[in-house]
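K.L.:
Below you'll find the structure I mean.
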Amino acid sequence: MKFLERYLRGEHEQVWADLRGLGPDVRDETYLADGRSVAEETMRRVRNNVEVLRTRLDNAGYRFKEPDRAHLPPPPDIAVQLDKFERQHGPLPLSLRAFYQIVGTVTFIQSSEQFANWYDRDQRPEPVTPVAYLGEYDPLVVEPLACAQAEWNTEHGKRSWFLAPDECHKANYSGGMNYNVLLPEAGADFRIYGMIINEESHFGDWFVGYLRETFRGGGFRGKVDVRDDSVVGRLIPDLEITHRLAEGLQPIGDPNEQTRLLER
């Protein structure tokens, strides 16, 4: 059975695990068309979820930092743009190329005029409602790949491309190193570079896993859980509003293994 057939039958997690297991061999003619089909089907579901969340967040009174950029669908010539980019900089992972080709870009960062930082809530004259601090839970952001923000990563021998601000910068305070993708990357998916995971590694979630966990939180992936100055996991937002936002979103697969282990 082909990867796409299995994915459509509900084997979301295992299909992505199998595609990643192929490494760069996913681009062999035996697998490439099928792998691309899975990536495209996944991102069609992602786009549906993004559009639903954009509307739900508006209706909930959530104020975007940049409303006009909250979700920008891809331009008509996006395939041409991506082909040119790959000729210059090497292959994009199948998941990320499909995201740009089908979803576009997303910026769900909360407006600073509404956002209530954890350190100043007690000083506010009125009670702070959950919608006012959703922005601290790592709102979904996937920016276009900006050539001006690419840096050479000497440790890994690849160029580091800015993907999104990290959860600290999204919440308007200094923190980590931002989310990046290291290119070229010929595999089906990639681990996001720059996430707060532990002291030894800067590699965080797989991209598809990041999207899944974000939709599980209604557009918000959750914040790092630090105990005794050590990162022990991630706190998925367990709020009435995030449950409402997440209700009925389409499943895309690949749960975060670290989160599953913490929940056992």
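Just so you know, all these numbers are worked out from the coordinates, no wet-lab data involved. All figures in this text were calculated on a predicted structure; none of them were measured in a lab. Cβ coordinates were reconstructed from backbone atoms using ideal geometry, including for glycine residues, and neighbour counts include every protein chain displayed.
K.L.:
Given the options 211, 32, 134, which has the most mean-square fluctuation in a GNM of the chain, springs set between C-alpha atoms less than 10 angstrom apart?
P.N.:
Of 211, 32, 134, the Gaussian network model singles out 32 as fluctuating most.
K.L.:
State the three equivalent ellipsoid semi-axes of region 3-263, derived from the C-alpha gyration tensor as the square roots of 5 times its eigenvalues, in descending order and whole Å. Write out the running numbers ahead of the final one.
P.N.:
On the way: eigenvalues 176, 81, 71 Å².
Values for region 3-263, descending: 30, 20, 19 Å.
K.L.:
OK, next. Can you tell me the convex hull volume per residue for region 1-158, based on C-alpha atoms, in Å³ to the nearest whole number? It would help to have the intermediate numbers written out before the result.
P.N.:
Numbers: hull volume 27.6 nm³, N = 158.
So the per-residue hull volume is 175 Å³.
K.L.:
Compute a Gaussian network model of the chain, connecting alpha carbons closer than 10 Å, and tell me which residue from 26, 208, 128 fluctuates the most.
P.N.:
The residue with the greatest mean-square fluctuation here is 128.
K.L.:
List the residues, sorted by chain then number, that are 5 or more residues from residue 234 or on another chain and whose placed amide H is less than 5 Å from its amide H.
P.N.:
225
K.L.:
Can you give the angle from 0 to 90° between the axis of helix 78-89 and the longest principal axis of the chain, with both taken from C-alpha atoms, to the nearest 10?
P.N.:
Tilt of helix 78-89: around 80 degrees.
K.L.:
Sticking with this one: What does the charge add up to near residue 94, with Lys and Arg as +1, Asp and Glu as -1, over the other residues with Cβ less than 12 Å from its Cβ?
P.N.:
-2
K.L.:
Relative contact order of the chain, please, whole-number percent, based on alpha carbon pairs below 8 angstrom and at least 6 residues apart.
P.N.:
After rounding, I find 20 percent.
K.L.:
Mind checking the full-extension length gain between residue 86 and residue 51? Use 0.36 nm per residue of separation minus the Cα-Cα distance, one decimal, nm.
P.N.:
Full extension from residue 86 to residue 51 adds 9.8 nm.
K.L.:
Next up: Just to confirm my numbers, what's the Cα centroid distance between region 78-117 and region 203-217 in Å?
P.N.:
Cα centres, region 78-117 to region 203-217: 15 Å.
K.L.:
Compare the peptides 147-160, 33-46, 59-72 by average per-residue count of other Cβ atoms within 10 angstrom and give them in order, highest first. Don't skip to the end; give the middle numbers.
P.N.:
On the way: 147-160: 12.2, 33-46: 21.4, 59-72: 15.4.
Order by mean packing, descending: 33-46, 59-72, 147-160.
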